[in-house]
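*Asks:* Structure below; questions to follow.
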Amino acid sequence: MWNLLVLFACMITAVGSDVVGTPTSVFGYRKRRLDIRCLYKFGYETNSKYFCKGECFFQNKNIIIESGSPAEDERFSLTDDTTARVVTVSITDLRTEDEGKYWCVIT
């Protein structure tokens with residue numbers, strides 16, 4: 001039985017706009033915690049941050065969690081370290097259905 005999950009994440013600015021980071025493979029194990037770190041450039045510290053699953057376009061986005069709001073699924077949390085300019089999304093109790101493509105987004 002495989003316990004490995006593969007997730008992809010990268011940073012885009014202004015939903016549906018420029019991809020800032022290179023897609024990164026992130027690995028985790030079922031029933032464990034996974035932290036995904038997304039770096040962003042100076043000047044975006046006060047902007048809203050989102051974490052989407054699947055395609056993340058302006059009118060077609062599956063927002064898992066956004067800054068300042070609790071996630072519908074309590075296993076997801078988002079913290080924004082504006083000094084280091086890093087958004088960290090944590091997923092606890094990883095499940096097979098968590099596997100997929102994810103995007104860190106700044107509006």
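The values are calculated or read from the model by the stated rules, or taken from the named source; none is laboratory data. Since this is a predicted model, take the numbers as computed values, not measurements. Ideal geometry is used to build each Cβ from the backbone, glycine not excepted, and the neighbour counts take in all protein chains shown. The protein model used for the area step is the full one, side chains on, heavy atoms only, and it has no ligands, DNA or RNA in it. Shrake-Rupley method; radii C 1.70, N 1.55, O 1.52, S 1.80 Å.
*Asks:* For the range 20-32, give me each residue that is surrounded by 12 or more Cβ atoms within 10 Å (Cβ to Cβ), assigned to a loop (DSSP other than H, G, I, E, B) and modelled with pLDDT of 85 or more.
*Replies:* Arg30, Arg32
*Asks:* Separate question: In the range 58-75, is there at least one residue being among the aromatic types (Phe, Trp, Tyr) and open to solvent by less than 90 Å² (accessible area, probe 1.4 Å)? Steps first, please.
*Replies:* Initially, the range 58-75 is screened for residues among the aromatic types (Phe, Trp, Tyr), giving 58.
Filter once more, keeping what is open to solvent by less than 90 Å² (accessible area, probe 1.4 Å): none.
Checked the range 58-75: no residue is among the aromatic types (Phe, Trp, Tyr) and open to solvent by less than 90 Å² (accessible area, probe 1.4 Å).
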